Amino acid sequence: MIKQGGSDMRFFNRLLSFMKGRYGIDETFYLLFGISCAFAIANLFLRLWQLQIVIYIISAIAILRFFSRNYTARSRENKIIAEAFSGLRNRFRTYKTRKADKMHIYKKCPNCKAVLRLPRRKGKHTTVCPNCHSEFSVRVFKQ
């Protein structure tokens, strides 16, 4: 028979009370953890003690942020990191959606640099940009 409220529950409750008011995990923690993991994998081959110290420092910063009680400072740091990487995230998302779209091609207007979504038809076509009304030719290689 399983006891209700045994030592496992006491440990869980102690852990919850310890973490109350602490910052926890956010995107910056994942970034720091990923960087330290990448450096650790690189250090498997390089075997540099300087790189190992860098790994320890990055891991310590991530853990200190995790247990920090200064919520406003940690959220401000996370906002700065999120804004810095938002362009990269948006670029990756755009690339992923364009790669999945098999019915259209994406071309830039040579005049105003607007991105146009055109139907994928093999051959050479002329297109009119809806922004600047300039006419240019588009060549599609694959159907």
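Taken together, the values in this text are just the output of simple stated rules run on the coordinates, not laboratory data. All values derive from a computational prediction rather than experimental measurement. When we count neighbours, we look across all protein chains shown, and the Cβ atoms used for this are built from the backbone with ideal geometry, even at glycine.
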Cys with no candidate disulfide partner in the chain (beta-carbon separation under 4.7 Å rule): CYS37
Distance between region 93-143 and region 13-54 - C-alpha centres, whole angstrom: 43
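How far, in nm, would the chain grow between MET19 and PHE92 when pulled straight, counting 0.36 nm per residue and subtracting the alpha carbon separation?
22.8 nm
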Long-range lysine pairs (8 or more apart or interchain), the chain, Cα under 26 Å: 29
Cα-based Rg and Dmax for the chain, where Dmax is the largest Cα-Cα distance (Å): 25.7, 79
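As an exercise, use a Förster radius of 25 Å and the Cβ-Cβ distance of ASN131 and ILE80 to find the FRET efficiency, rounded to the nearest 0.05.
So the FRET efficiency works out to roughly 0.15.
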Most fluctuating residue given options PHE11, PHE29, PHE92, as computed from a GNM of the chain linking Cα atoms under 10 Å: PHE11
Relative packing of peptides 94-103, 19-28 - highest average C-beta neighbours within 10 Å first: 19-28, 94-103
